[in-house]
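What follows is one structure encoded as structure tokens, with my remarks underneath.
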Amino acid sequence: MQEAAPKRAKKVSVIDLAAMKGKQKVSILTAYDYSTARICDKAGIDALLVGDSAAMVVLGYPSTTPVNMQEMLLFCGAVSRGAKRAMIIGDMPFGSYQPSTNLAVENAVQFIKAGADAVKLEGGAEIADKIKAIVDSGVPVMGHIGLKPQTSSLWEGYRLQGRTTESAQHLIQDAQALEKAGVFSIVLEMVATEVAKAITKEISVPTIGIGSGYDCDGQVLVLHDLLGIYEDIKPKFVRRYAELAQPILEAVTKYIEDVKAGKFPAEDNTFHMHSEELERFLSKGEER
């Protein structure tokens, strides 16, 4: 009797994520390629953010601003082929939604066609109309307030948000505007812990913190930061669960040494002709 195929894990949906608020913390990591997406998915991550942080940790840009739609869609497709259970959220890059509502909707749809289950936009009340239009088109949206890497460097740099009462009130108003526009969750980046806690209590959708304390409904980190691979910037809010840069360096250095010394490839890395074919080949060589 033929054995039944193993049961495939249920895909995490927007409804699943929303239902976790107040009951179970949401775990999210960034991913940009097939192989790491598979590993994170196997580990049981709830969602994978195809972040515009790829601009820095994968493409080597100095900030997230230069990355474009074509590049982001390429990353998104790779991640979608690697992760079968985790929800996949495409980070809409700078310039892909700011110019007009129509462009925002068109580009959001492109992410879904590339394999994403939802998209993320940076901004508060000022982009609520665009978010509503995207949601109305059928595409789930994750919001993002607090530090906004796409534009913060143009204004004030990477600084903690919500340090004053006025700033805190503005963040709460932004969160409420995004909730009203229909987002299914909101990323809070580098928001003072007390303010992040207040926002988490005020709104009905999950808050996902990055540098915003432990009261958020979930957390997100850049995978390359978590693994200790990206060394250019080391944010205070990151916990490194591994330091892989050094062992990778050591492995590559050893490979170079073995190649130079003729130690690689070794016999167990080598393929040979069958003995009969070898004899025929050598005889042909004698004829030549």
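In this structure, is L147 in contact with a helix residue (DSSP H, G or I) (Cβ under 7 Å, 6 or more places away or on another chain) and in contact (Cβ under 8 Å) with a residue 40 or more places away in the chain?
no
Among the residues in the range 148-167, are any among the aliphatic types (A, V, I, L, M) and surrounded by 20 or more Cβ atoms within 10 Å (Cβ to Cβ)?
No: zero hits.
Consider P62 against the criteria (1) in contact with a Phe, Trp or Tyr (Cβ under 6 Å, 6 or more places away or on another chain); (2) without any contact (Cβ under 8 Å) to a residue 12 or more places away in the chain: it satisfies all of them except one. Which criterion is unmet?
Failing condition for P62: (1).
Could you tell me whether the range 168-176 includes any residue that is surrounded by 17 or more Cβ atoms within 10 Å (Cβ to Cβ) and in contact with a Lys or Arg (Cβ under 8 Å, 6 or more places away or on another chain)?
no
Confirm whether F94 is of a type in the set (F, W, Y), part of a helix (DSSP H, G or I) and modelled with pLDDT of 95 or more. Even if it seems obvious, please write down each step before you answer.
Working: of a type in the set (F, W, Y): yes; part of a helix (DSSP H, G or I): no; modelled with pLDDT of 95 or more: yes.
For F94, the condition - of a type in the set (F, W, Y), part of a helix (DSSP H, G or I) and modelled with pLDDT of 95 or more - is not met.
Restricting to the range 86-116, name every residue that is among the aliphatic types (A, V, I, L, M), within 18 Å of D136 (Cβ to Cβ) and surrounded by 24 or more Cβ atoms within 10 Å (Cβ to Cβ). Give the derivation first.
The first filter runs over the range 86-116 and keeps only residues among the aliphatic types (A, V, I, L, M), leaving 86-89, 92, 103-105, 108-109, 112, 114, 116.
Next cut, within 18 Å of D136 (Cβ to Cβ) only: 92, 103-105, 108-109, 112, 116.
Hits for the range 86-116 are M92, A104, A108, A116.
Collect the residues in the range 241-285 that are of a type in the set (F, W, Y) and surrounded by fewer than 10 Cβ atoms within 10 Å (Cβ to Cβ), keeping them in residue-number order.
Listed by number, the list holds a single entry, F271.
Please specify each residue of the range 168-224 satisfying the condition of being of a type in the set (A, V, I, L, M) and assigned to a strand (DSSP E or B).
I186, V187, L188, V191, I208, I210, V220, L221
Take the residues in the range 177-197 that are among the small types (G, A, S) and under 20 Å from I127 (Cα atoms), then tell me which one is surrounded by the fewest Cβ atoms within 10 Å (Cβ to Cβ). Quick ask: steps written out before the conclusion?
Let us first name the residues in the range 177-197 that are among the small types (G, A, S), namely 177, 181-182, 185, 192, 196.
Remaining after also requiring under 20 Å from I127 (Cα atoms): 177, 181-182, 185.
Details: A177: 21, A181: 22, G182: 17, S185: 29.
Looking at the filtered set, the residue picked out is G182.
The values are calculated or read from the model by the stated rules, or taken from the named source; none is laboratory data. All values reported here derive from a predicted model rather than from experimental measurement. When we count neighbours, we look across all protein chains shown, and the Cβ atoms used for this are built from the backbone with ideal geometry, even at glycine.
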